[in-house]
1. Return the residues of region 90-121 that are among the hydroxyl-bearing types (Ser, Thr, Tyr) and in a helix (DSSP H, G or I); say none if nothing qualifies.
2. Tell me whether region 94-112 contains one or more residues that are modelled with pLDDT of 90 or more and more than 10 Å from the chain's Cα centre (by Cα).
3. Just checking, how many residues over region 12-59 are among the aromatic types (Phe, Trp, Tyr) and modelled with pLDDT under 65?
4. Quick one: would you say CYS65 is of a type in the set (A, V, I, L, M, F, W, C) and open to solvent by 60 Å² or more (accessible area, probe 1.4 Å)?
5. Using the structure shown, decide if ILE87 is at pLDDT 90 or above and assigned to a loop (DSSP other than H, G, I, E, B).
6. Find all pairs meeting these conditions: Cβ atoms under 9 angstrom apart; at least six residues apart or on different chains; first residue within region 108-119 and under 18 Å from SER25 (Cβ atoms); second residue of a type in the set (Ser, Thr, Tyr) and part of a loop (DSSP other than H, G, I, E, B).
7. What residue, among those in region 63-84 that are outside any helix (DSSP H, G or I) and in contact with a helix residue (DSSP H, G or I) (Cβ under 8 Å, 6 or more places away or on another chain), is farthest from SER49 (Cα to Cα)?
Amino acid sequence: MNWYARFTYQFLHISIWHLLINMWSFWGITTTYKIRIWHLVTAYFISASPFFYGDIPTVGLSGMCFSLMGIIWYQVLHTKLYHCWIIGFIFIGFLFPGTAARLHLYCYGIGFIIGWLNKPVKYETGD
């Protein structure tokens, strides 16, 4: 894979449906939660990481969406239900050929770890 393809594949899609689903997911995440610029940059580099999938060709924004969902997990009200839904979506991806399910799992896992490491600390006040 060319070096520039590694950083531009997120902007390519297989079909209009693929584009619309990725746009809908990205829009939902970025308008529902407090997404900062560092979240976007981190998710972009997680999804463009050459360490996981080497030269496997892939297209679409879903890796970045799964990275963002991992990074912002602590902002969700019902975290257990949230994680169950995400794992369910990833599992469904393994059932359909041509889906980058391993990439989704990788991006969500790394995003989750980064979100966990950057989760705000709540201090108790001794009143």
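1. As a first pass, look at region 90-121 and keep what is among the hydroxyl-bearing types (Ser, Thr, Tyr): 99, 106, 108.
Of everything in region 90-121, those that are among the hydroxyl-bearing types (Ser, Thr, Tyr) and in a helix (DSSP H, G or I) turn out to be TYR106, TYR108.
2. yes
3. 3
4. Details: of a type in the set (A, V, I, L, M, F, W, C): yes; open to solvent by 60 Å² or more (accessible area, probe 1.4 Å): no.
The answer is no for CYS65.
5. Details: at pLDDT 90 or above: yes; assigned to a loop (DSSP other than H, G, I, E, B): no.
For ILE87, the condition - at pLDDT 90 or above and assigned to a loop (DSSP other than H, G, I, E, B) - is not met.
6. ILE110/SER49
7. Residues of region 63-84 that are outside any helix (DSSP H, G or I), as a first pass: 72, 76-78.
Right, trim to in contact with a helix residue (DSSP H, G or I) (Cβ under 8 Å, 6 or more places away or on another chain) and you get 72, 76.
Working: ILE72: 19, VAL76: 26 Å.
This residue is VAL76.
The values are calculated or read from the model by the stated rules, or taken from the named source; none is laboratory data. Note that the structure is a prediction, hence the values are computed from the model and not measured. Quick reminder, even Gly has a Cβ in these numbers, built from the backbone with ideal geometry, and neighbours come from all protein chains shown. For the accessible areas, the whole protein counts, side chains as well, though only heavy atoms, and no ligand, DNA or RNA atoms are used. Shrake-Rupley method; radii C 1.70, N 1.55, O 1.52, S 1.80 Å.
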